[in-house]
Amino acid sequence: MEIRMKKISILGSTGSIGTQTLDIVRNQGDIQVTALAAGSNIDLLEKQIREFRPSVACVWDSDKARQLKGRIADLFVKVVSGMEGLTEAAVEKDAQIVVTAVVGMIGIRPTIEAMKAGKDIALANKETLVTAGHLIMPLAREMGVGILPVDSEHSAIFQCLNGENKRQIHKILLTASGGPFRGRTRQELKEIQVEDALRHPNWSMGKKITIDSSTMVNKGLEVMEARWLFDVNMDQVQVVVQPKSVIHSMVEFEDGAVMAQLGTPDMKLPIQYALYYPERRYLPGERLDFWTMNQIAFEKPDFENFPGLRLAYEAGKKGGSMPTVYNAANEYAVSEFLNRRIAYLEIAEMIEKAMENHRTIENPTVEEILKTEQETYELLKTQHAGKMIG
């Protein structure tokens, strides 16, 4: 019997989500990778190309792309670079699903072009919906393409809504582990170093998302993402702290019924679910053991000591270009913190400062979104330089 191959393109193949997606490709044996895209890690990308033989490979950095081209001259693989190359990987003619696992707002344009080309999107790039949800969701409906969430929380909500009437959602209960600093005061958070913030209690993730998880900004971005994905307003998304990460998220319906999706903290489950939806496939790994699990505890989120979450609700309610400012300010601040140029608590302070200085654009175009991002970077760069001089 002939195996029907599912064909996918992976944007961000050398990152955490990308490498786990390729693990699933290896395990299942009926997925063909037609395009791979990475930032600058050409050592790993070369290995991936030699194993999976895509027809297109993109490296964001043009110098690294030239190096890669020389290295794989023995293969029939087209090497491209930059935004043009990333878009080419996204619209690769044979791909049916595009896994968007690049970090940052560079994911917006390729996602839009992939949708216009009729591709379903396995969405692992938060920024796309946070900053451009008002453009992405109508386009998905217009093109008749699916947006399949890869985030564990959004995948959980997506699974809870299977077969349900989405207009009967009363509330989305978005769970959070609380990160490594749950329960700490502002005073205690003053001393946090980069190494402390990179130790997450449950999940194994990339550096930026691990820092975002510790500040609760990641949860703020997820609230804004959920608002677009499931067509609800910001007040209908309630964050619930569940430290063990056993319940990945829940949905409360109008009649008071609550549906939850539970599992071990393993990103391969939401990735595989998105790739094969609506089919479920066997996935090796640990299983929840309810005989040894004595309790699942819940807490309210701490908006006071983790203002990043409060600011996300403010940005999401303002809408327009304000979520872009929130996201861009956080990206800039996290980069500064990882480079040890600012203190941990300054991350949220920078976000707040950028939001206070912004005049919201109601329905921004992609160009206005990207311009707002640059203006936010410039504002914070200037202010930070002034502060250091002062």
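Working from Cα pairs under 8 Å separated by at least six residues, relative contact order for the chain is 14 percent.
Take the convex hull of the alpha carbons in region 203-250; its mean projected area over all directions comes to 3.7 nm². Taking region 243-390 as the region of interest, what is the percent of Cα-Cα pairs per 5 angstrom bin, listed from the shortest bin to the one with the maximum distance? Each 5 Å bin holds this share of Cα pairs: 1, 8, 13, 13, 12, 13, 14, 12, 8, 4, 2, 0. For the set Lys268/Lys318; Lys69/Lys381; Lys208/Lys244; Lys219/Lys268; Lys69/Lys93, the pairs lying more than 31 angstrom apart at their alpha carbons are Lys268/Lys318; Lys69/Lys381. As a length-normalised measure over Cα pairs under 8 Å and 6 or more apart, the relative contact order of region 59-197 settles at 15 percent.
Calculated on the Cα set of region 83-186, radius of gyration then Dmax: 15.9, 52 Å. Computing volume of the Cα convex hull per residue in Å³ directly from the structure and comparing it against [x] 154; [y] 189; [z] 204 singles out [x]. When the Cα positions of Ile49, Gln236, Gln193 are compared along the charge dipole of the chain, Ile49 comes out farthest toward the positive end, with charges on each C-beta of Lys, Arg, Asp and Glu. Rounded to the nearest 20, the Cβ-based charge dipole of the chain about its Cα centre (Lys and Arg +1, Asp and Glu -1) stands at 560 debye. By the combined test of axial Cα extent (at least 20 Å) and Kyte-Doolittle hydropathy (mean at least -0.5), the qualifying DSSP H helices of the chain come to 126-143, 322-338. Please state the shape class of region 1-81: rounded when a/c is under 1.5, otherwise prolate if a/b exceeds b/c and oblate if not, all from the C-alpha gyration tensor. Cα axes put region 1-81 in the prolate bin.
Taking every protein chain into account, the accessible area of the chain amounts to 47 square angstrom per residue (probe 1.4 Å). Taking a ≥ b ≥ c as the square roots of the eigenvalues of the alpha carbon gyration tensor, region 1-135 is oblate, as a/c is not under 1.5 and a/b does not beat b/c. Here Leu44 and Asp255 are evaluated by their C-beta separation; at R0 = 35 Å the FRET efficiency comes out at 0.10. Normalised by the number of residues in region 160-279, the average gap of Cα pairs under 8 Å and 6 or more apart makes the relative contact order 38 percent. In loop segments of region 249-305 as defined by DSSP, the trypsin sites (Lys or Arg not before Pro) with at most 16 further C-beta atoms inside 10 Å of their C-beta are Arg280, Arg281, Arg287.
Can you give me the Cα centroid spacing of region 117-134 and region 248-319 in angstrom? Taking the Cα centre of each part, region 117-134 and region 248-319 sit 19 Å apart. Which of the three applies to region 50-116, rounded, prolate or oblate, going by the alpha-carbon gyration tensor with a ≥ b ≥ c and a/c under 1.5 meaning rounded? Oblate is the answer for region 50-116, as a/c is 1.5 or above yet b/c matches or exceeds a/b. Round to a whole angstrom and tell me the spacing of the C-alpha centers of region 30-100 and region 338-374. Using only Cα atoms to place each centre, the spacing works out to 31 Å. Report, in deg cm²/dmol and to the nearest 500, the calculated mean residue ellipticity at 222 nm for the chain, where each DSSP H run with n ≥ 4 adds -39500 (n - 2.57) and the sum is divided by the residue count. Calculated from helices alone, the mean residue ellipticity at 222 nm is -14500 deg cm²/dmol.
Computed in the context of the full set of protein chains, the accessible area of the chain at 1.4 Å probe radius has 49% of its extent on carbon or sulfur.
The values are calculated or read from the model by the stated rules, or taken from the named source; none is laboratory data. Quick caveat, the model's predicted, so the values are computed rather than measured. Every residue, glycine as well, gets a Cβ built from its backbone with ideal geometry; the counts of neighbours run over all protein chains shown. The protein model used for the area step is the full one, side chains on, heavy atoms only, and it has no ligands, DNA or RNA in it. Shrake-Rupley method; radii C 1.70, N 1.55, O 1.52, S 1.80 Å.
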